[in-house]
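**Student:** Questions regarding the structure given below will be posed in turn.
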Amino acid sequence: MCFSAEASFTASAVLGVTGIITMKSVRNRKQLLVAAIPLLFALQQMSEGFVWLSMDALTLPAHLRTFCEYFFLTFAFLIWPIWIPFAFFTMEEVKWRKILLALVTVAGITLSFFNGSYLPGSGVEVTVVSNSIRYFTKGPQLNYEWMVTVIYNAIVIIPTFLSSYRYMWLWGLAVLTSSIIANYFYYTTYTSVWCFFSAVISIGLYFVLLYNYTIAEKESHTPETH
């Protein structure tokens, strides 16, 4: 599989349009944070597109390349572990599910603080390995990388299984499957590849939310029987 600037920019464009449509289709403002996920992935993929340009032709100034690298990693290491569980917490209506989602959000905040404690000063080495981008950061996470990866996966995937929205767990299962595939086949470039896979899969959020809107409307128009 080959990744490139074109792939990142194309994904960014498609995700941008999908994100806008998804956000405009929400029935409740509480759903906006989840609906915004494809749009945020669009920004992340755009930043990686510029990283690709800097790797391919060295056409970007050094400071802009560094900004794009850290922009991408900020999403990967700091924003997603908080945004995803909090977004699902915000739109959840069932009390016990909401409590569990709050706990996952706290775990996400903790992980983001851990990642943020070393990311700014650790330096980032960016190279192309097997047609994918490898982001290497030096930090304490290297001593127990597998544990951080498992916790990260749990934080961003468990909320989809806790959600009361129908078939949201299928989206979470797709993200989990993409993580396993990326880790197995693209271990060295796992961060970049999994983010790309997850970005594309986030398009599915539009259809999951749309399905739930449709079901809710049908149920609201179904006459009560006595």
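**Student:** Restricted to the stretch 15-27, and to residues that are surrounded by fewer than 16 Cβ atoms within 10 Å (Cβ to Cβ) and touching a residue at least 12 places away in the same chain (Cβ under 8 Å), which residue is nearest to the chain's Cα centre (by Cα)? Step through it out loud before you land on a result.
**Tutor:** Start the filter on the stretch 15-27 by keeping residues that are surrounded by fewer than 16 Cβ atoms within 10 Å (Cβ to Cβ), which leaves 17, 20-21, 24-25, 27.
After this cut, where a residue has to be touching a residue at least 12 places away in the same chain (Cβ under 8 Å) as well, the list is 20-21, 25, 27.
Values: ILE20: 16, ILE21: 18, SER25: 20, ARG27: 22 Å.
If we take residues in the stretch 15-27 being surrounded by fewer than 16 Cβ atoms within 10 Å (Cβ to Cβ) and touching a residue at least 12 places away in the same chain (Cβ under 8 Å), then ILE20 is nearest to the chain's Cα centre (by Cα).
**Student:** Hey, another quick one. Looking at PHE77, PHE72, PHE114 in this structure, which one is out of contact with any Asp or Glu (no Cβ under 9 Å at 6 or more places or on another chain), at negative phi and at pLDDT 90 or above?
**Tutor:** The conditions single out PHE77.
**Student:** Considering every residue within the stretch 59-71, establish whether at least one is closer than 30 Å to TYR213 by Cα, among the β-branched types (Val, Ile, Thr) and part of a helix (DSSP H, G or I).
**Tutor:** Filtering the stretch 59-71 down to residues closer than 30 Å to TYR213 by Cα leaves none.
No, the conditions are met nowhere in the stretch 59-71.
**Student:** Out of the stretch 194-214, which residues are more than 12 Å from the chain's Cα centre (by Cα) and over 18 Å from PHE88 (Cβ atoms)? Walk me through it before giving the result.
**Tutor:** In the first step, residues of the stretch 194-214 are kept if they are more than 12 Å from the chain's Cα centre (by Cα); the result is 204, 206-214.
Scanning the stretch 194-214 gives a single hit, THR214.
**Student:** Filtering the stretch 92-115 down to residues that are more than 17 Å from the chain's Cα centre (by Cα) and touching a residue at least 40 places away in the same chain (Cβ under 8 Å), which residue is surrounded by the fewest Cβ atoms within 10 Å (Cβ to Cβ)?
**Tutor:** GLU93
**Student:** Keeping to the stretch 155-184, report how many residues are part of a helix (DSSP H, G or I) and touching a residue at least 24 places away in the same chain (Cβ under 8 Å).
**Tutor:** Of all residues in the stretch 155-184, those part of a helix (DSSP H, G or I) come to 155-162, 168-184.
Remaining after also requiring touching a residue at least 24 places away in the same chain (Cβ under 8 Å): 155-156, 158-160, 162, 168, 170-171, 174-175, 179, 183.
Qualifying residue count for the region: 13.
**Student:** Report yes if GLY49 is touching a Pro at 6+ places or on another chain (Cβ under 7 Å) and crowded, with 20+ Cβ neighbours inside 10 Å, otherwise no. Full working, then the answer.
**Tutor:** Working: touching a Pro at 6+ places or on another chain (Cβ under 7 Å): no; crowded, with 20+ Cβ neighbours inside 10 Å: yes.
Here the answer is no, as GLY49 does not meet what is asked.
The values are calculated or read from the model by the stated rules, or taken from the named source; none is laboratory data. Please read these numbers as outputs of a predicted model, since none were measured by experiment. Heads up, the Cβs are rebuilt from the backbone with ideal geometry, glycines too, and the neighbour counts pull from every protein chain shown.
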